[in-house]
Each structure stands twice: as C-alpha cells, then as structure tokens.
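Contents: one structure, followed by commentary.
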Amino acid sequence: MGFEIMLGSLTTTGSLIAFAKLQGIVPGKPLVYRGQNIFNMLLLATTIGLFIYLIFVPTAVVPFYLMLTFAFVFGVLLVLPIGSADMPVVMSLLNSYAGLASAATGFVLSNNVLIIAGTLDGFSGFILSILMCRAMNRSMTNVLFGAFGSAATVAGVEGQQGEMREVGLEDVAVQLAYANQVVFVPGYGMATAQAQHVVRELGDSLEKRGVTVKYGIHPVAGRMPGHMNVLLAEANVPYSSLYELEQINPEFPTTDIVVVIGANDVVNPDARDNPNSPIAGMPILEVDHAKSVVVLKRGQGKGFSGLENPLFFKPNTGMLYGDAKDSLTKLVGAVQHA
Ligand code: NAP
C-alpha cells in the first residue's frame, strides 16, 4: 500500500505540473535552481526511507502523512526542471508510474485484472520512455536531471550567421513538377496543420507526372513515436513509400528537392556537426545533402528543443512561409499548371 501511495502521489502532482506546462499555465522551459538534483535526491531518499519504516511500523501515523506530503512535493520537483522537448518522455514515464501504482493496488485488493493491466501499463510506458531516449540519443538520467532546453544548455548555439532565403510558391511548384525524385520530410508542424491529406494529394499529382515520391520518417518526428506513420497512414499514403532514417539518408545526395513540412529538430545539422549542441549525436535526416531543400513553416519559430537550425541558413535551402496545409494546397494547384 505504501508503494502504491508513494508512487500514486508523486504521479498525481507530476502529471498536474506536466499538464500546466503543456497548457502554458507554468513556463514550459525547465525551471532550475542551484543544488536542485541533490535536494531532489535527498527528498526521494527520505520518502523511500519513510516507506521502508512504514513496512515495519504500518500503524505510524506521522511518518505516513510525511511520506504522502514528500511524495506530492517530489512529483512537482521532478517535472519542473524538465524541458519542453522532453515532456513526451516524462508523460510516458508518469504513465508507467501510474501503471505500477495500479499493479500495487491490485496486490492490496487481490485483484488480478489490476495487477495484469497495471504491470503491462507500467512496463510498456517504461519501454516507450527508453525507446524515445534512444531515438534522441540521450540517456534517461540526462532527460530527468539534465534540464534540457534551459538557458545554460541552449547558450552558445544562438546567433546563427547569414540570412534565410525566402522562395516563391510558383518557383517551388516548377522545381517539384520537373524533379526526378522528391522526398517529403514531415514533422510536428504537419501534425498541427493537419496537412497529411494534402501532402498525399501533392505526392499523387507529382507521381502522375512521373516524379518518384518518397517520405523520410524520423523516429521522433512529431510528439510521439510513430506519430508521422499514423498520420500518413490515415491519409492512405502507401506504406512502401515511407522510408526510415537509415534507408533514406543515403538517397538525399541524389534527391532533387526535399520538402520539409513543419519539421525542425529532426533535420537540424547541428546534431551532426556541432559537438557543443545540446542535441549533439541525435541521429537526423540529412536533408542538407539534397540538391535543394524547401522548408514549409509559418515563420522564424524554433523547434521543440528551442535551438536555432543552421539548415535554414544554407544556400541550397529556401523558406516557404505559411501554414503547411495552406502552402501545400496552393502547391497542388500550382503544380497542375506548371
Ligand atoms: P519541431 O522541432 O518541434 O519543429 C516543428 C516546426 O513546425 C516548428 O519549427 C514550427 O515553426 C513548425 N510549425 C508549427 N506549426 C506549423 C504549421 N501549422 N504549419 C507549418 N509549420 C508549422 O518538430 P520535429 O522536427 O518533428 O521534432 C520533434 C521534436 O520533439 C524533437 O525535438 C524530438 O526530440 C521531440 N520529441 C519527440 C518525441 C517523439 O516521440 N516523437 C518524444 C520526445 C521528444 P513555426 O513556428 O515557424 O511554424
């Protein structure tokens, strides 16, 4: 029971803070202060100590309420220092804790359904969190204690030199219509714009003109693993047209034009080229190796990690500003007249 109460309490307040961060009620950026990790560790150790004490003296009232309070406070302090780009990992981890708490309740109530469902939920959430960390090339410790996206970690990568080159819709349409191979790279922006259906329409009309169309899918594009696969499947994009990172990266040098649809971090060359970048080592879709790149986004907004993206300043990159769905709808029309 103590395990269930401890884990359940910290999950409750942790989830409330995660909700408040995602709704913008509290700042989404990591909130950090000196000695934070040590304080959190001490608080967790004390809470676990009280839990162990309660196993031997289950009738002790004051330690019980202290454990409850400390677990509530720990939930808040656990999530506050976590950066916005890491929120999906934290949500999945909290989901896992909730599952384990349910499993513990199952043991208290001798309820097999709760034990089985809670255990499955707990472990699948945990495995999902580990997979997300792996795809971002980060350790779980770094996600939980690294305050990714804080001022300290982001410093040093701002102040990108050069200018972003804006391109016109008609030019992009002509480039697309006369290309041999086009690769679409969708990201979180495609999901928010709900542009998946019109992407397929554009792909279909290009294929009718004899253009080879492929989709490059990054494992952590969007906000959940498989986010892009689900959206494109909903729009009936054939599975055989979807290419994973390892399959599509060698194809970029021979690709005429890559259309980046609301993706940012997953195509940030700093992850490969700048060892000081907070996302250094994260595998990326190397779209900058293509002959030409067009980026569809609304403005100068950063990716979820809050980092500048040098791709947008490269000479072979053109920016097509606007909501992805609007831009793609206009492109479908323009390609037909090209
Ligand atoms: P991203 O880095 O979050 O960038 C999304 C871009 O889309 C923004 O730069 C934004 O720029 C643009 N955008 C937003 N709304 C748009 C609209 N309506 N039309 C056009 N563009 C729009 O996305 P990403 O490249 O997919 O990267 C995913 C990020 O989430 C990574 O940092 C990854 O590590 C993190 N993450 C993912 C998972 C996962 O499982 N998928 C889990 C944990 C963390 P504007 O504001 O200028 O439009």
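Computed values, structure above
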quantity: Aspartates and glutamates with Cα under 12 Å of Lys325, excluding same-chain neighbours fewer than 8 positions away; calculated: Glu201
quantity: Anchor Lys297: aspartates and glutamates whose Cα lies under 15 Å away (excluding residues fewer than 8 positions away in-chain); calculated: Glu166, Asp265, Glu308, Asp323, Asp326
quantity: As computed over region 282-322, the Cα convex hull volume per residue (Å³); calculated: 76
quantity: Percentage relative contact order, region 24-147, counting C-alpha pairs under 8 Å, at least six apart; calculated: 26
quantity: For the chain, accessible area per residue (1.4 Å probe, heavy atoms of protein chains only), Å²; calculated: 47
quantity: Shape of region 207-260, Cα gyration tensor, a/c cut at 1.5; calculated: oblate
quantity: Residues with amide H under 5 Å from that of Gly318, placed H, sequence gap 5 or more; calculated: Val293, Val294, Val295
quantity: Tilt relative to the chain, helix 61-79 - C-alpha long axis, 0 to 90 degrees, to 10; calculated: 10
quantity: Nearest-10 value in Å² for the accessible area of Ile217, using the 1.4 Å probe; calculated: 10
quantity: Heavy-atom SASA rank of Phe3, Phe74 (probe 1.4 Å, accessible area, largest first); calculated: Phe3, Phe74
quantity: For region 42-136: rounded, prolate or oblate by the Cα gyration tensor [a/c cutoff 1.5]; calculated: oblate
quantity: Packing-based ranking, highest mean first, of 187-197, 261-271 given that Cβ atoms within 10 Å are counted; calculated: 261-271, 187-197
quantity: Cα gyration tensor category, rounded, prolate or oblate, for region 1-67 with a/c compared to 1.5; calculated: oblate
quantity: Accessible surface of the chain [probe 1.4 Å, protein heavy atoms]: carbon and sulfur percent; calculated: 62
quantity: Highest-first arrangement of 328-334, 137-143, where packing means the average Cβ count within 10 Å; calculated: 328-334, 137-143
quantity: Cross-link pairs Lys21/Lys314; Lys21/Lys291; Lys302/Lys330 - those with Cα-Cα distance over 30 Å; calculated: Lys21/Lys314; Lys21/Lys291
quantity: FRET efficiency, Ile38 to Ala233 (Cβ-Cβ, R0 51 Å, nearest 0.05); calculated: 0.65
quantity: Estimated [θ] at 222 nm from DSSP helical runs (n ≥ 4, -39500 (n - 2.57)) normalised by residues in the chain, nearest 500; calculated: -16000 deg cm²/dmol
quantity: Inverse of mean 1/r across different Cα pairs in region 206-304, Kirkwood, Å; calculated: 14.4
quantity: Gaussian network model of the chain, springs between alpha carbon atoms under 10 Å - residue of Ala117, Ala98, Ala221 with greatest fluctuation; calculated: Ala117
quantity: Per-residue ³J(HN,Hα) for region 310-321, Karplus 6.51 cos²θ - 1.76 cosθ + 1.60, θ = phi - 60°, Hz, x for Gly and Pro; calculated: x, 4, 5, 9, 6, x, 8, 10, x, 9, 10, 7
quantity: Folded to 0 to 90 degrees: helix 196-208 orientation relative to the chain principal axis, Cα; calculated: 30
quantity: Rounded to the nearest 10 Å², the accessible area of Lys325 at probe 1.4 Å; calculated: 90
quantity: Label-point gap, in nm, between Ile48 and Ala280 - each point 7 angstrom along Cα→Cβ; calculated: 3.1
quantity: Per-residue SASA entry for Lys214, accessible area with 1.4 Å probe, Å² rounded to 10; calculated: 30
quantity: 5 Å-binned pair-distance histogram of region 32-79 (Cα, whole percent); calculated: 5, 23, 29, 20, 12, 7, 3, 1
quantity: Chain lengthening between Lys314 and Thr59 when straightened (0.36 nm per residue, less Cα-Cα); calculated: 85.1 nm
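The values are calculated or read from the model by the stated rules, or taken from the named source; none is laboratory data. Quick caveat: nothing in here was measured; it's all calculated off a predicted structure. Cβ coordinates were reconstructed from backbone atoms using ideal geometry, including for glycine residues, and neighbour counts include every protein chain displayed. The area values use the complete protein model at the heavy-atom level, side chains included, leaving out ligands, DNA and RNA. Shrake-Rupley method; radii C 1.70, N 1.55, O 1.52, S 1.80 Å.
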